[in-house]
Every structure is written in C-alpha cells, then in structure tokens.
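A.B. asks: Encoded as structure tokens, here's the structure I'll be asking about.
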Amino acid sequence: MAVRGRALILTGLTGSLALGLATATLAATRPVPIPVPSPAALASPPAGSGQPDAAPAAPEATSPPPTPPADTPAQPPAAAPAPAETPTAAPADQPAATGETSPPTRTGPDTAPAQAAPTPATDAAASPASAVPEPEAAPVPAPVPTPPAPPVAAPPPEAPEATAPATAATPPAAEPAPAAPGSGDALPLRDPDTLWSRPYKPDPAYEAFAEGLYLTALREATPRAARGDSNAQTLLGVLYDNGLGVPRDQAKAASWYQLAATSGNREARYQLALLYLDGLGVPADRAKAADLFEQASKAGHVAATYNLGMIYLEGKGRPRDEAAAAALFRQAADEDNPDAEYALAIMTDAGKGVPQDDRLAAFWYGRAARGGHVPAQVEYAIRLYNGKGIVADQKQAAGWFLRAANAGNAVAQNRLARLYAQGHGVAEDPAEAGKWYLISRRAGVSDSWLEGFFSAQSNSVKQDAAERAELWRIN
C-alpha cells in the first residue's frame, strides 16, 4: 500500500517502504495521480458518496504556507506524454504472485491502484486438498494510476454492492458474484467522466487539457495564472510536473502548485505534498507533505485522506498511530476509495487500529473487490472459498478468481487452475486447468501438485491447454 499519487508513501510506484501490520506488511511502489478535475471540482469539495457512519476527521495541520515564487512560464516545444500502468499481493501461504504490471512514474494529476513485475515464487501446496488455502494476511498494494488525458473506457460490470455496515454492525452473509471477468487492475477513484464534467462555465484551458492539447492548455492557462487564478496555476503545475507539452520541470511545477496552494486550492496542495514526499523540485520534507495532505483532506480530497492514513501507519512525517490510520482509511473508504477499503480490510483482519472482525474484514474486501481492486478480489475469493467471515460459496469464489486471473494476477490464475482440475465451483475441465497452470507458471508461480496433474494428461489435452494459454496471452 502506498501513498497514493506519485510515489511511495508509502509509495505507489518507485521505491518502497515496509509498513508493518503484524503478519501483514503494507507496502507499494509509487503510483500516478489522477487527472486534474475541472475548475469547479477543484474549487469546491465533492458531495461524497460514503456510508451513513461518519469517519473521524484528520488531525489538524499547523505548517505555514510556503512563499510563492513569481515566475511565469513561456511556451516551449511540445513533447508527447507517455502514460502507462499495480503491485500484487499474494497471501502469506499462497504461491507468490509475480506476473503483474507496474504503473509508470506518475503521468497525470490525482488518481487510483498497481502491480509489480514477475519474480520467481515458491512451490505451491502439494496436495489438492489445499486448493485454496487461507492466507494469514495480505499486503496492501498501491493504486492503479490513470493517464493525464481522461480515459474513455467504461469499467467492467460489477455485482450490486451491499450497504456498508455501521461501525459496530456486521456485513451481509453472502456477496454477489462478479457479472463478468474484468481486465483492469483497479478503477479510478471516481468515474472518469465526472472528472471532466463542467457543471458551470466551460473552461478552455481544461477542455484543451482533457483533449490532450497541452500546448493549447498552456497558452490558455498562462495569462490567467499570472492574474492569480488558482485553477490555472494548478493546471500549469500539472503540465510542468509531468512534462506534458513542455519539458518536465518539477521545480517550476512546485512553484505553480505553491501559488495555488497558498490560495487554498486543494488539488494544488495534494500535488505539492507528493513533491515534498519524494523531494522532487523541492527538498524532501515528509512533515510538510503530511500537513499539505491534511489540508487537502479537510477540503474533501479523498486520495489525500488515504495518503495521510498511510503516513500515520508508517510513522514518518507524523507519529505512528494505527488507530488514526484506520480512522482515515475508513473516512476514505466511505468515499468509495478501493485502496482505503483494502487497507481497512487488512487492518480489520489483523486487528490493527480497530477490533479484529472476520466478517467486517470480508465486507471491506468485498467492497474493494467490486471497486476493481485486483488483490482484494483474490482475498475475497479465498474467503468465499473457505467461508471465512462469509458464507462459503465456491461458485462465487471461482467467479472472483476468474476476474482477477484475467486481470493478470498470478495467484488467481494458479487457484483457478486448481478449481478446474478438481471441479470446485466450476465444471471439471483438465484442458482449462492446464491453460491456467501454464499461464501462472509463465508468471513465476510454481505448483508441484498442478505440475503432476498436468503431466498425467493426454497429449491432446496438453496441446489444447497450450493453445488456450497462447490465445489468452495474445488477447
């Protein structure tokens, strides 16, 4: 799990900090921030779509606003951005998942969860009886970033979500199976369309940015930024921070963020916090980053709330405080942040910062899973298979394993192979079992039981499995 946005706070996608959670470790690589919302969204906090129970407010920050510099950028030659995309987390007693992709060093403003490159894993359980052993704990991965230009693809269909329980209440006994396998590792914090909706007067600079016309956005925003428009100043910061249409210059980005942050712009405070977190364009200062995250969080910035929770969990920039971290995760989870839901599930499962509760942990894993968080989908499937904190349902478990497997999670691929080999939750199909075995093996997961199962199949089954695996790979 990492501080959401550019980098580790935990980190989203480069560098890593271990965050102890008893048997689980919250860690990640640096993520990418979400595209900058419209001026109206930047100027006022979102309505919030959380649950009825109110989350504790984040601690008050006291650091004074930095002194803004006074330079106005000129328009340089254009340069094309290069976006891309979550670390996986294998359960403690599962074979390590290593076939996931890791997001690029941040390319856009504000965001969602990511996965790491394959590494060899240890041998899986040798007996079919332990097809889906229950994990002791799971690490929280970093969020999946979205590129600077607004995405247009719609998220995969999801099962209906149950109402969140009150703090002391317990979740429903069973959860609906996914409607269809997903192909993404995680969904944005909010629907991409809402990031670019313009409920008020259209803004030429933001319209150009949304369409990928970065030089036009620069021309439109520069004179307004010089006149003190904090939204335009933030947009210029995003352009220089990510090298969109201009040479990348994070010192200049920090100066524009600073000006906008001094005016109270919450997005600018969030982006500036990410720079202080990593020491990019400004001296590294986690305490200042924490103060800025707190200010943005109080203004309604959900990713800032999640990151502030990570800072309290890690104990760098603020004193380590698991209860404060859990409260902040709950606050962000109530705003449908999948990373926060997954972090809260892990802490609830381990009894860190909150009372241990298997049913409530299963509930939050389910919420994060339905939000597109792939590692949460794997954890949720395991709990459905074993009936931990929820009514056992092998068919639903198979559906969630399939969804995560198609998203590239090697642990899910391995577990799905075992289900097809034994006919648990799905019709027995040796060729399909062989397909997922070959795919997971290519991703670095070793499983002696599946190896023996596959070796005992006929040549025709092996060939069919190999063809299916290759077709899946190229698609």
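A.B. asks: Quick one: if you stick a label point 7 Å off each Cα along the C-beta vector at residue 219 and residue 471, how many nm between them?
C.D. replies: Those two pseudo-labels are separated by 5.1 nm.
A.B. asks: What ranking do 448, 460 get, fewest neighbouring Cβ atoms within 10 angstrom at the top?
C.D. replies: Details: 448 12, 460 9.
Result, fewest neighbours first: 460, 448.
A.B. asks: Still on this structure: If each residue of separation counts as 0.36 nm, what is the full-extension length gain between residue 249 and residue 320 once their alpha-carbon separation is subtracted? Don't skip to the answer; put the middle values down first.
C.D. replies: On the way: separation 71, 0.36 × 71 = 25.56 nm, distance 3.33 nm.
Working it through step by step, the gained length comes to 22.2 nm.
A.B. asks: As a quick test, which of the pairs 288/388; 252/352; 352/435; 395/435; 252/298; 298/352 have an alpha carbon distance above 30 angstrom in this structure?
C.D. replies: Working: 288/388 41 Å; 252/352 41 Å; 352/435 39 Å; 395/435 19 Å; 252/298 26 Å; 298/352 24 Å.
As for pairs spanning more than 30 Å Cα to Cα, those are 288/388; 252/352; 352/435.
A.B. asks: Quick one: Karplus J couplings for the stretch 251-261, per residue in order, coefficients 6.51, -1.76, 1.60, θ = phi - 60°, nearest Hz, x for Gly and Pro?
C.D. replies: With the stated coefficients, the stretch 251-261 comes to 5, 5, 4, 4, 5, 6, 4, 4, 4, 5, 5 Hz.
A.B. asks: Then there's this: Which far-off residues, 5 or more places away or on another chain, put their amide H under 5 Å from the one on residue 447, with H placed in the peptide plane?
C.D. replies: 124
A.B. asks: Can you list residues whose amide H is under 5 Å from residue 245's amide H, if they're 5+ apart or on another chain and H is modeled 1.01 Å from N?
C.D. replies: It is 79, by chain and number.
A.B. asks: Can you give the charge dipole size of the stretch 395-458 about its Cα centre, rounded to the nearest 20 debye, using +1 on the beta carbon of Lys and Arg and -1 on the beta carbon of Asp and Glu? Walk me through the numbers before you get to the answer.
C.D. replies: Numbers: 7 positive and 5 negative charges, 45 e Å.
Dipole size: approximately 220 debye.
A.B. asks: Could you derive backbone 3J(HN,Hα) for the stretch 265-273 from the dihedral phi with the Karplus parameters 6.51, -1.76 and 1.60 (θ = phi - 60°), listing whole Hz in sequence and x where the residue is Gly or Pro?
C.D. replies: Running phi through 6.51 cos²θ - 1.76 cosθ + 1.60 with θ = phi - 60° gives 6, 5, 5, 5, 5, 5, 5, 5, 4 Hz.
A.B. asks: Using the Karplus curve 6.51 cos²θ - 1.76 cosθ + 1.60 with θ = phi - 60°, work out ³J(HN,Hα) for each residue of the stretch 432-442 in order, rounded to whole Hz, and write x for Gly and Pro.
C.D. replies: Calculated HN-Hα couplings, in order: 5, 4, x, 4, 5, 5, 5, 5, 5, 5, 5 Hz.
A.B. asks: Work out the FRET efficiency for residue 428 and residue 226 from their Cβ-Cβ distance, taking R0 = 45 Å, and round it to the nearest 0.05. Spell out each step's value before the answer.
C.D. replies: On the way: r = 69 Å, r/R0 = 1.53.
Efficiency, rounded to the nearest 0.05: 0.05.
Values in this text are rule-based calculations from the coordinates and carry no lab data. Since we're looking at a predicted model, the values are computed, not measured. Every residue, glycine as well, gets a Cβ built from its backbone with ideal geometry; the counts of neighbours run over all protein chains shown.
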